[in-house]
Amino acid sequence: MSKSRKVTPPVTDVPSDAAIYARDLNFTYNAKSDFAKHALVDINLTVNKGEFVAVVGHTGSGKTTFVQHLNALIRVQSGFLSVLGNDLSVKKPDLKALRREVGMVFQYPEYQLFADTVLEDVCFGLKNFGIDKDKREQMAKDALELVGLDYEQIKSKSPFDLSGGEKRRVALAGVLAMKPHILVMDEPTAGLDPRGKSEVLDLVGKLNRDEGVTVIMVSHDMNEVYENADRVLVFREGNLAYDMAPRDLFRMEEEIRSMNLEVPAMAAFCNELERQGYPLPDSCRTVDDVFAAVLKFKETRDV
C-alpha cells in the first residue's frame, strides 16, 4: 500500500540559517510494483549552515538515498526538501544553481577522472558553467593548492600517472574548484592508508572550520565519525532513528551494536572512564582531550 502524501510547509517556512531542511520526506523504490521498498520514511531534519554532519547506518538503511537527494541525483517523490533555499520539491528545480552550490564527492572519486591533464580535469565543471578560461584556470590552481598539490608540477600531468592519494586529491579539487557551500562526501577515506585518511579529514575539517562549508559525510568508520562530526544522523530501515551529538550517541553502546554499528574505540574508553567515576565533558573525543580532562579532574580532586 502506498503512503499518503502529507501536507508539508511552504518554502517560506525554511529557517534562514538552514542549509538543509526536510519535512516528511519519503522515497520508495519500485513504488508501483510488488517489489516496492520504502527507502525513506517521513524524514524530518534541519542541518544548519556550517555544521559537520555524519550520516551512518547499515547497508539498506536509507542513508545513501537521503544524501543523493541533496543535489537532486534522486528527485523528491513525496514531502518537502530545501537545500540552500532551493526548493527541490517543485517539478522543475534549478538544478544548475543547485549543483554549483552542492559539491558531491562519491566513493573512490578518482575513478571519475578522465581528461588528458590534471588541469583539464579540474576545470571540467567550471567550463560547463561557462566560466572563462583565465578565471577557471585560476580557480583550478586555487583548488589544487588547497588540497596540497603543487600546481606547476602537476597541472600538465595525466591523472592516470598519479599515485592513488594524488588522484583522490585531484578529484576532490575538481569539486572544490566550484566553491560549494555544501560538501557531500560518500565514504571519503575508503581505500586510503592511515596517512591518506588523516590528510583528507584534516582538509575537510579545515574547509568546515575556516571556510564555513557545510559538510555531510557518509561513513562506515565510526572512529572517523566520532572524532570529526558535530552531529550524527543514524538511519535505520528508512527512518531517521537518531539525530544526536557523537558523545551522546555513542554512550548508548548496546543500542549502537544492535544496529550492526561499531562503538568507536575512544568512545568506549570514555564510557569506561565515566563508569569509573571520571566526569568527562562532551567535547572529549580524542586522546589529548581525554588526557587533559582526566588531569584537570585529578588536580581538582587533590586540592
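None of the figures in this text is laboratory data; all of them are computed from the coordinates on show. A quick note: this is a predicted structure, and the numbers were derived from the prediction, not measured. No Cβ is skipped: glycine too gets one built from the backbone with ideal geometry, and neighbour counts run over all protein chains shown.
Quick look at the values:
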quantity: Peptide ranges 21-27, 113-119 listed from the most packed, as the mean C-beta count within 10 angstrom indicates; calculated: 21-27, 113-119
quantity: Segment 248-303 - percent relative contact order, Cα under 8 Å, separation 6 or more; calculated: 25
quantity: Selection from LEU98, PHE235, MET222 lying farthest towards where the dipole of the chain points positive, charges on Cβ; calculated: LEU98
quantity: Candidate lysines - alpha carbon under 28 Å from LYS32, same-chain residues fewer than 8 apart omitted; calculated: LYS3, LYS6, LYS63, LYS91, LYS92
quantity: Hydrodynamic radius by Kirkwood, which averages 1/r over all alpha carbon pairs of the chain, in angstrom; calculated: 20.9
quantity: Reach of LYS167 by Cα under 24 Å, taken over lysines that are not fewer than 8 positions away in the same chain; calculated: LYS127, LYS133, LYS135, LYS141, LYS155, LYS157, LYS179, LYS197, LYS206
quantity: Segment 257-303 - convex hull of alpha carbons, volume per residue in Å³; calculated: 68
quantity: Karplus (6.51, -1.76, 1.60) ³J(HN,Hα), θ = phi - 60°, over segment 15-28, in Hz, Gly and Pro reported as x; calculated: x, 5, 9, 7, 7, 9, 9, 10, 9, 6, 6, 10, 8, 10
quantity: FRET efficiency for ASN48 and ASP161, using Cβ-Cβ distance with R0 set to 41 Å, rounded to 0.05; calculated: 0.50
quantity: Protection proxy ranking, peptides 265-273, 140-148, 166-174, average beta carbon neighbours within 10 Å, highest first; calculated: 166-174, 140-148, 265-273
quantity: Sum of -39500 (n - 2.57) over DSSP H runs of 4+, divided by residues of the chain (222 nm, nearest 500); calculated: -11500 deg cm²/dmol
quantity: About the Cα centre, charge dipole magnitude for segment 11-263 (Lys/Arg +1, Asp/Glu -1 at Cβ), debye; calculated: 760
quantity: Spin-label pair VAL287/ARG75, simplified geometry with 7 Å Cα→Cβ offset, distance in nm; calculated: 5.2
quantity: Ordering of 214-224, 39-49 by packing [mean C-beta count within 10 Å, highest first]; calculated: 214-224, 39-49
quantity: Percent of C-alpha pairs per 5 Å bin, segment 118-214, short to long; calculated: 2, 14, 25, 24, 21, 11, 3, 0
quantity: Selected from LEU240, LEU98, LEU73 as most flexible by GNM, with the chain as the system and alpha-carbon contacts under 10 Å; calculated: LEU73
quantity: Estimated vicinal HN-Hα couplings, Hz - segment 179-188 in sequence order (Karplus 6.51, -1.76, 1.60; Gly, Pro = x); calculated: 6, x, 8, 10, 10, 9, 10, 9, 6, x
quantity: The chain: relative contact order as a whole-number percent, Cα under 8 Å and 6+ apart; calculated: 20
quantity: Reciprocal mean inverse distance between Cα atoms of segment 50-160 - Kirkwood radius, Å; calculated: 16.4
